[in-house]
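Values quoted throughout were computed directly from the atomic coordinates according to the rules given, and no laboratory measurement underlies them. Just so it is clear, the model here is predicted, and its values are computed rather than measured. Cβ placement follows ideal geometry from the backbone for every residue including glycine, while neighbour counts extend to all protein chains displayed.
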Amino acid sequence: MKRYIIYLFCTFFIHVGVNAETINLEQARALALANSRSLAKYNLNLRSSELDEKSQLYSMLPSLSADYSASMNYLDNDFNFVNPIDTFDSRATLSVTQTIFQGGKSFIKKAISELNSESLRKDALNEYFNVLDSADSAYYAVLEDAASLEASESALAATLSSLAIAEIRQSSGMINQGDYLKALADKESQENSRNQARRNLSLSTAKLKSLLGIDFIPQPEHIDFSGYEALIQYLGNISDEDAESLYNNLWKIIVSSNPSLAKYALNNQKAAKNLSLARRETSPVISATIFSGSIGYSSANGFGSSSGGGVTIRGSIPLDFWVFSNTIEKSKISASMAALDYAGAEIQLETDLQSAIINAFTQAESVLSSRRSLEYTQKHFEYVEERYRLSQSSVSELGDASSLLISSRNNLIKSQFGFLQSLSRIRSLGAMDDEQKLVNILLGK
């Protein structure tokens, strides 16, 4: 129900809150949730399962039935023709019956239906966070490509400035033809990189537009990385002892909230219920006719009625015991397989958590080192660029410094957005809606 309310809220939020091309991350998530056909399908499956659950409940209530029949004959027992109207006979019957006992099978079936519904809720919850992950990835991809394009434009501007100086020097004979050709080649290379960055941005924007189901070009708002500074500093310099403690705390939280693991636990319970149901197939069935009444009319006897009630005891004992035994054995195998699936899911979840945490540590450390590298390479480029203006550095030296600067910028961009992706992954494993809660957990608060 909570997920359903959130889904309705997101749909409402979209119609009243998104009117411009600029969107933020929360709006992108809401749009992706509302546009997700897979999530909508899970909601329909859940609704269908809830109806099955009600059907199983209704089967435990008194059963009402009504019958009606009418007949006329045109031949008697001696095959002589008779007047059909003289043989007219009709009857209507109404009965109310209640099953009193059937070995507890109705309650087990009801419990299995409830487990099926709960399992689908876990599937829907898991898909909910899958959609959020997709929205985050697409949103970050646009921002990352936009930042890469900006870096490419900056590098191209520097290359064009270098080429302008080289053209002046070449015309006055201050540099040889080889250096001038190198400047031209650098300019062409940077233009190609810029064009590739434009194509990447166009593609990632188109993917985001498709995911959100919108008819305008989305312009994502920039992420304020200063809000993650404390977390980046902590995770980028975390000690082994603190890392182990953080993993243990996260594992306690995630093992109790991960929807996939919860689904396997529910499958365990369903397998146990199915085994119990198979063992009760020989239970007798006791039902009572609470009321039975009928009214009829015939040409011979006129109107007539009858009523009554009673208890019927019906039981079955399979003589083909080998079939019954085979069913029990299959149910036991299913229960064992469900237990193995749960153990495998727990191991996989542990691996996924370890991978996500290590990735968060690595990306945070990469952000810190990329910042320092960018600072050094920026100063190095400015130094070489100044020497180039003074004819103390060659075109090749300036090109090398420019390439190093571009590489440092791109490394910082990738590590920043990679860090955000690692947070999204940990959030999904723990099924956490509140990002600030996740940040506080990672900070050990």
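Between the DSSP loop rule and a limit of at most 12 other Cβ atoms within 10 Å, which GluC sites (Glu not before Pro) in segment 143-244 are left?
none
Give the aspartates and glutamates reachable from LYS445 as a straight Cα distance under 13 Å; neighbours fewer than 8 places away on the same chain don't count.
Leaving aside aspartates and glutamates fewer than 8 places away in the same chain, those within reach of LYS445 are ASP242.
Near PRO218, within a Cβ-to-Cβ distance under 12 Å, what is the net charge of the other residues, with Lys and Arg +1 and Asp and Glu -1?
-1
For GLU241 and SER38, what is the calculated FRET efficiency with R₀ set at 51 Å and r taken between the beta-carbons, to the nearest 0.05?
Here the calculated transfer efficiency is 0.75.
At a Cα cut-off below 18 Å, give the aspartates and glutamates reachable from LYS54, other chains included and same-chain residues fewer than 8 away excluded.
Candidates past the 8-residue exclusion: GLU114, GLU118.
Using Cβ contacts closer than 10 Å as the measure, can you line up ASP433, ASP145, ASP224, ASP186 from fewest to most?
So the residues, fewest neighbours to most, are ASP224, ASP433, ASP145, ASP186.
What ranking do LEU340, LEU438, LEU412 get, fewest neighbouring Cβ atoms within 10 angstrom at the top?
With the fewest neighbours first, LEU340, LEU438, LEU412 line up as LEU340, LEU438, LEU412.
Hey, with R₀ at 56 Å, roughly what FRET efficiency would GLU375 and LEU94 work out to, going by the Cβ-Cβ distance, to 0.05?
Using R0 = 56 Å, I get an efficiency of 0.05.
With a 10 Å Cβ neighbour count serving as the proxy for reagent exposure, in which order, fewest first, do VAL367, VAL439 appear?
Lowest count first: VAL439, VAL367.
Once you have a ≥ b ≥ c as the square roots of the Cα gyration tensor eigenvalues for segment 155-235, tell me rounded if a/c is under 1.5, and otherwise prolate or oblate according to whether a/b is larger than b/c.
In terms of gyration-tensor shape, oblate.
Are any of the pairs LYS187/LYS209; LYS41/LYS122; LYS41/LYS437 more than 22 Å apart by Cα-Cα distance, and if so, which?
Beyond 22 Å: LYS187/LYS209; LYS41/LYS437.
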